[in-house]
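What follows is a set of notes on a single structure, which appears directly below.
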Amino acid sequence: MTNQFSLEGKVALVTGAVYGIGFAIAKAFHAAGARIVYCANTDEALEMGAANYKEAGIDAKGYFCDVTDEPGVKAMIADIEKNMGGVDILVNNAGIIKRIPMHEMAAEEFRKVVDIDLVAPFICAKAVIPGMIKKGHGKIINICSMMSELGRETVSAYAAAKGGLKMLTRNICSEYGEHNIQCNGIGPGYIATPQTAPLREIQPDGSRHPFDQFIIAKTPAGRWGTPEDLMGPAVFLASDASNFVNGHVLYVDGGILAYIGKQPQ
Ligand code: NAP
Ligand code: GCO
């Protein structure tokens, strides 16, 4: 049974996995036996990644690559094919959010979010699929969001992109399932990372941020998630244990999507 979850001999590319959710997923893949490749789009981030992996005792290969740059992504994938035998597992993790009321948001800002959160997963998946077809197997995991299902104030671009990413997931499954490629999503709930730090800022009077209190009340688990909460689900979707799971989004949200919310006292 344990062997079904092994990633021994597999090469896993996790985009933007310098810290946060991507780094936790990469650590889990390493523990399951995979060789790790990550990418970052600034020198500082690449250096931070090198330091973080070294500290974790992981011999990971880092590439300088902006995931929205198609020639750059293609060159990275070609290099991985040449030197490591190609990508068996791709995790489209790199992402950004802009919290701006929609009527104040410039179309350029909207496009930027869609470019990184939706177009880039298309570019990265497109680049690895031919190699996966040749190998006769492949796993693509798209990091979706609560916003693949729900809306809220100020995140129109992010919700549009993550909703689109859910459908891209289903479409990759539909188009390449016959090649033994499984494409699934993980929909993290509210996870404590730098991306959500502004929503957890302690207030000048020492109280918790109102959004922080709101999320605790909205989550049956009664807490924020941690990047480590995503490790098991990611290994499952990257391993043979999920070979007949395709086009699915696995929400790892402490129960948020199942819950109507706490009644006012
Ligand atoms: P994060 O802490 O902001 O990390 C995202 C990573 O992506 C960063 O390392 C970032 O690099 C990198 N990145 C951004 N643009 C890039 C580009 N063009 N090319 C290459 N790398 C790029 O985010 P996180 O919270 O760990 O989130 C990871 C993923 O999970 C994202 O897709 C996010 O939307 C999703 N997610 C997060 C939560 C949550 O509650 N935190 C919940 C659901 C989904 P820099 O730091 O250099 O910008
Ligand atoms: C927000 C949040 C998110 C989360 C996450 C939820 O402002 O509502 O940042 O959208 O990061 O994606 O799953």
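The values are calculated or read from the model by the stated rules, or taken from the named source; none is laboratory data. Model, not experiment: these values are computed from the prediction. Note that we place each Cβ from the backbone using ideal geometry, even for glycine, and neighbour counts take in every protein chain shown. Remember, those area values only see protein heavy atoms, side chains included, never the ligands or the DNA or RNA. Shrake-Rupley method; radii C 1.70, N 1.55, O 1.52, S 1.80 Å.
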Exception for residue 139 within (1) near ligand 2 (Cβ under 10 Å from one of its atoms); (2) within 20 Å of the chain's Cα centre (by Cα) falls at (1)
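Determine if segment 120-136 includes at least one residue that is in a helix (DSSP H, G or I), without any contact (Cβ under 8 Å) to a residue 60 or more places away in the chain and in contact with a Cys (Cβ under 9 Å, 6 or more places away or on another chain). Working first, answer last.
If we filter segment 120-136 for residues that are in a helix (DSSP H, G or I), which is where we start, we get 120-135.
Subsequent filtering for residues that are without any contact (Cβ under 8 Å) to a residue 60 or more places away in the chain retains 121-123, 125-127, 129-135.
Within this subset, residues satisfying the condition of being in contact with a Cys (Cβ under 9 Å, 6 or more places away or on another chain) are 125.
Scanning segment 120-136, I find at least one residue that is in a helix (DSSP H, G or I), without any contact (Cβ under 8 Å) to a residue 60 or more places away in the chain and in contact with a Cys (Cβ under 9 Å, 6 or more places away or on another chain), so the answer is yes.
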Options 61, 126; residue that is under 20 Å from the mean Cα position of the chain (by Cα), over 22 Å from residue 168 (Cα atoms) and open to solvent by 40 Å² or more (accessible area, probe 1.4 Å): 61
For segment 30-73, which residues satisfy the criterion of being more than 26 Å from residue 126 (Cβ to Cβ) and of a type in the set (Asp, Glu)? 43, 44, 47, 55, 59
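Quick check on segment 140-161. Is at least one of its residues farther than 27 Å from residue 101 by Cα and either of a type in the set (D, E, K, R) or buried (at least 23 other Cβ atoms within 10 Å of the Cβ) (or both)?
The first filter runs over segment 140-161 and keeps only residues farther than 27 Å from residue 101 by Cα, leaving 140-141.
From what's left, either of a type in the set (D, E, K, R) or buried (at least 23 other Cβ atoms within 10 Å of the Cβ) (or both): 140-141.
Looking for residues that are farther than 27 Å from residue 101 by Cα and either of a type in the set (D, E, K, R) or buried (at least 23 other Cβ atoms within 10 Å of the Cβ) (or both), one finds at least one in segment 140-161, hence yes.
For segment 36-43, check the following and say yes or no: at least one residue is part of a helix (DSSP H, G or I), farther than 16 Å from residue 21 by Cα and touching a residue at least 40 places away in the same chain (Cβ under 8 Å). Even if it seems obvious, please write down each step before you answer.
Filtering segment 36-43 for residues part of a helix (DSSP H, G or I) gives 43.
Narrowing the set further to residues that are farther than 16 Å from residue 21 by Cα leaves 43.
Adding the requirement that they be touching a residue at least 40 places away in the same chain (Cβ under 8 Å) leaves none.
For segment 36-43, residues part of a helix (DSSP H, G or I), farther than 16 Å from residue 21 by Cα and touching a residue at least 40 places away in the same chain (Cβ under 8 Å): absent.
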When residues of segment 176-219 are filtered for being open to solvent by 70 Å² or more (accessible area, probe 1.4 Å), part of a helix (DSSP H, G or I) and charged (D, E, K, R), how many remain? 1
Condition test on residue 99, is it of a type in the set (Lys, Arg), part of a helix (DSSP H, G or I) and either surrounded by fewer than 17 Cβ atoms within 10 Å (Cβ to Cβ) or within 12 Å of ligand 1 (Cβ to nearest atom) (or both)? no
